[in-house]
Every structure is written in C-alpha cells, then in structure tokens.
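J.: Here's a structure for you.
The values are calculated or read from the model by the stated rules, or taken from the named source; none is laboratory data. The model shown is predicted, which means the values in this text are computed figures rather than measured ones. Glycine also receives a Cβ, built like all others from the backbone with ideal geometry; neighbour counts cover every protein chain displayed. We work out accessible area using only protein heavy atoms, side chains counted, and drop any ligands, DNA or RNA first. Shrake-Rupley method; radii C 1.70, N 1.55, O 1.52, S 1.80 Å.
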Amino acid sequence: MGGSNETIRNERQDEDASSLILHPSSLAICLVSGGMDSCVTAAIAIEENDELAFLHVSYGQRAEVRERRAFEKLADHYRVQKRLAVSIEHLKQIGGSSLTDETIPVSEANLASGEIPTSYVPFRNSHMLSIATSWAEVIGAERIYVGAVAEDSSGYPDCRPEFYQAFQAVIDAGTSRL
C-alpha cells in the first residue's frame with residue numbers, strides 16, 4: 001500500500017502476502033471496519049480475487065455507528081453480496097481500551113513511544129480473525145484479508161508481523177478446509 005498504510009502485504013516477501021491464507025482464491029473474506037486501512041485492503045482484495053465476502057465486527061467501539069455505515073457503503077460500492085456483521089461486544093465489558101470505555105481518554109498517537117496506546121483493545125484482532133476463519137471454512141473462502149498498519153506494531157501487540165505469522169500457523173493447524 002505504501003506510505004504509512006503498509007499492511008501485512010508489505011511485511012512479507014510473498015507476492016500473495018496480502019492475506020493470511022496464501023494460495024489462489026476465487027472467494028476471499030475481507031475484514032472491513034469502514035476505516036481507511038480496511039478500505040485500502042478491500043481495494044487490494046477486489047483486485048486479487050474473483051469474489052469477496054465482507055466481515056464487520058462490532059466490539060462496543062465508540063465509532064460503531066459510523067463504521068457500520070461505512071462498511072455498508074463500501075460493500076455496496078464493490079457490489080459485495082456476502083456480508084456478515086457480528087458482535088463481540090464482550091470486549092467492551094472486559095474494558096481496558098479508550099475505544100470501548102468512555103472514561104479512558106484517547107491518547108495522542110506517539111509512534112516513538114514504546115508503550116501500548118490507550119486505544120489498544122486487548123487481543124481484539126485474534127477474535128476478529130477467528131470469526132473470519134470460521135466463516136471462511138463454511139463458505140469456502142481461501143483467503144482472509146485484514147488491514148493492519150505496520151506502524152501500529154510498535155504499540156499494538158496484535159498488529160505485529162509475528163502475530164500474523166503465528167495466527168497463520170493456528171489456521172493451518174486448526175482448520176479442515178483452508
């Protein structure tokens with residue numbers, strides 16, 4: 001993607017490394033929040049696959065209404081027929097993030113800091129990828145796309161390249177179809 005929006009595609013050297021599942025696909029799942037990263041990822045995914053299925057996950061985030069509206073508009077734009085919106089709002093109950101708890105102030109972005117930002121939702125990406133993997137098995141999708149900003153890996157543990165490599169191993173070991 002270039003610039004400050006490098007995804008896992010740029011973290012690996014593979015030509016097909018924009019997804020977790022790395023083989024040719026006629027159907028792929030794209031996680032779509034409606035934000036810039038997922039919009040760019042969706043544009044890449046639409047070019048690399050015959051058909052997309054869009055997954056939106058609500059986790060009790062403050063911007064859920066806006067994100068859901070953007071998800072629907074993006075799905076309409078790309079004429080995506082397979083859409084799944086799910087809730088894992090228990091992450092709001094668990095707390096620990098300024099994205100889900102209005103009593104925690106949102107900290108300013110500081111890429112030089114080694115501290116985890118207040119906007120980190122504990123282990124959120126694993127939940128979303130697990131849902132995408134389950135759905136992929138059922139609908140026969142062969143790829144999963146997720147927009148992960150490489151710079152976030154300095155503060156978000158579940159955005160690091162090592163996390164995605166480990167999750168790929170989980171997919172390989174724990175699925176029947178992928």
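J.: How big is the charge dipole of the stretch 66-178 about its Cα centre, in debye rounded to the nearest 20, if each Lys and Arg gets +1 on its Cβ and each Asp and Glu gets -1 on its Cβ?
T.: Numbers: 12 positive and 15 negative charges, 121 e Å.
With Lys and Arg at +1 and Asp and Glu at -1, about 580 debye.
J.: Give the accessible surface of the stretch 84-178 per residue, rounded to a whole number of Å², with probe radius 1.4 Å and ligands, DNA and RNA excluded. If you can, show how the numbers build up before the last one.
T.: Working: 4950 Å² over 95 residues.
Per-residue value: 52 Å².
J.: R0 = 25 Å: FRET efficiency of Met36 with Asp172, Cβ-based, nearest 0.05?
T.: Here the calculated transfer efficiency is 0.25.
J.: Please list the non-local residues whose amide H lies under 5 Å from the amide H of Gly34, H modeled 1.01 Å from N, same-chain partners needing a gap of 5 or more.
T.: Residues meeting the amide H criterion: Cys39.
J.: Counting only protein heavy atoms, what percent of the accessible surface of the stretch 83-178 is carbon or sulfur at a 1.4 Å probe?
T.: Using a 1.4 Å probe with all protein chains present, the stretch 83-178 comes out at 53 percent carbon and sulfur.
J.: While we're on this one: Kindly state, to the nearest 0.05, the FRET efficiency for Glu137 paired with Glu108, given R0 = 35 Å and r defined as their beta-carbon distance.
T.: It comes to 0.30.
J.: Heavy atoms only, 1.4 Å probe, whole protein assembly: order Met128, Met36 by accessible area, highest first. Each step should come with its number before you reach the end.
T.: On the way: Met128 30, Met36 120 Å².
So, going from the largest accessible area down, we get Met36, Met128.
J.: So who's got an amide H within less than 5 Å of the one on Lys82, skipping anything under 5 residues away but keeping other chains? H placed 1.01 Å off N, in plane.
T.: Hits under the 5 Å cutoff: Phe54.
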